Amino acid sequence: MIGIEAIGVYIPETRVSNYSKKAQFNLDDYFIEEKLGVTHVAVKGASDQTSDMAIRAFEALSRKSDFDKAKIDCLIIVTQNPDYNLPHTSAIMHGKLDLSSNCACFDISLGCSGFVYGLSLIESFMQRNDLHHGILITADPYSTILDQNDKNTSLLFGDAATATLVNRNPRFTSGKYTFGTSGKGYSELICKDNILFMNGRSIFDFAARQVPADIKLLMEQNGQNIELIDKFVFHQGSKYIHQTIISRLKIDPQKAPFAAREYGNTVSSSIPILLEKELEDTSVNTIVICGFGVGLSWASGILFRTSN
């Protein structure tokens, strides 16, 4: 039985206030707090690379979970902003941490759906190859590709990284996953010439349409009643998108937290940042996770607390 034992989180201390940009973009507090839901975005250090953020998340995981670094036999990094085009960032991280030469390392190029895809992949990869100690990293520092004069992106995206320990002594295991892609819309969220472009209206329409339908499909495939799910951890795209999804699914807002106010949309890290807290709440036994965005892609899963 393979699943999640613990999660470590790294969010840079540096914050940029969206209130300081009100005049630049002709904004009011209502737009910042109720539409975006993001008052500050976290920004990495100027010299920090993706692997540096990933290592800080790994160190955070090490401080809260007693595992032997020498026994790690699988390391996967989810990122679309790697240190270099090649080699893969997981190999760089492997070298910096001096991990075992028997450790499999590879990267996954996915954005906001990346954690869910990555969790399914690392579980399957470890199960098929009889591996025992895996680390799933998410790290996508969008600050390196933002145009600070673009209202659609500079107010929203923040930097962060997470490290998820996946092993055979889990606190949560997964059910069946659901996945989807709408590739014809790929250009609505795209990085060209190292600058991010997002069509906010198109991304909202995509999420509001696809996510509720996918959650309903997930419930059917896992034989679950949506009303009995303890928590819903959705990608923290924006507060308005988040509220629309929970409204269309008729979910109790208390079951579906929006927590990106002080650090922003952290892409593939947004789900595990919230999951870190839910792992510690013993009253939570079932968690639905859903990521959606770049691609355009989406992925959903359901996690069940074990008796460990």
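The values are calculated or read from the model by the stated rules, or taken from the named source; none is laboratory data. Everything numeric here is computed off the predicted structure, so don't read it as measured data. With ideal geometry, Cβ positions are generated from the backbone for all residues, glycine too; neighbour counts draw on all protein chains shown.
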Query raised in the report: In this structure, is E59 under 22 Å from T144 (Cα atoms) and assigned by TED's automatic domain parsing to the domain that holds P141?
Result: no
Requested in this report: Report yes if some residue within region 10-27 is over 26 Å from I287 (Cβ atoms), at pLDDT below 95, assigned to a loop (DSSP other than H, G, I, E, B) and not polar (S, T, N, Q); otherwise report no.
Outcome: yes
**Report entry** Matching strands (runs of 3 or more DSSP E) fully within region 56-160 where at least 3 residues are on the phi < 0 side of the Ramachandran plot, modelled with pLDDT of 95 or more and of a type in the set (A, V, I, L, M)
**Finding:** 74-78, 133-139
Requested in this report: State yes or no: is L75 touching a residue at least 24 places away in the same chain (Cβ under 8 Å), in contact with a helix residue (DSSP H, G or I) (Cβ under 8 Å, 6 or more places away or on another chain) and within 25 Å of L279 (Cα to Cα)?
Outcome: yes
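Which of the residues that make up region 156-215 are among the β-branched types (V, I, T) and either surrounded by 15 or more Cβ atoms within 10 Å (Cβ to Cβ) or under 29 Å from I226 (Cβ atoms) (or both)?
Of region 156-215, the ones among the β-branched types (V, I, T) are 162, 164, 166, 173, 178, 181, 190, 195, 203, 211, 215.
Across region 156-215, the qualifying residues are T162, T164, V166, T173, T178, T181, I203, V211, I215.
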Query raised in the report: Given I287, I229, which one is β-branched (V, I, T), within 27 Å of S109 (Cα to Cα) and in contact (Cβ under 8 Å) with a residue 24 or more places away in the chain?
Result: I287
Requested in this report: Could you grab me the full set of residues in region 78-96 that are touching a residue at least 24 places away in the same chain (Cβ under 8 Å) and hydrophobic (A, V, I, L, M, F, W, C)?
Outcome: V78, I92, M93
Requested in this report: Of the conditions (1) buried (at least 17 other Cβ atoms within 10 Å of the Cβ); (2) assigned to a helix (DSSP H, G or I); (3) at pLDDT below 95, K277 clears all except one; give me its number.
Outcome: (1)
Query raised in the report: Can you pull out the residues in region 178-212 that are over 19 Å from S238 (Cα atoms) and aliphatic (A, V, I, L, M)?
Result: I195
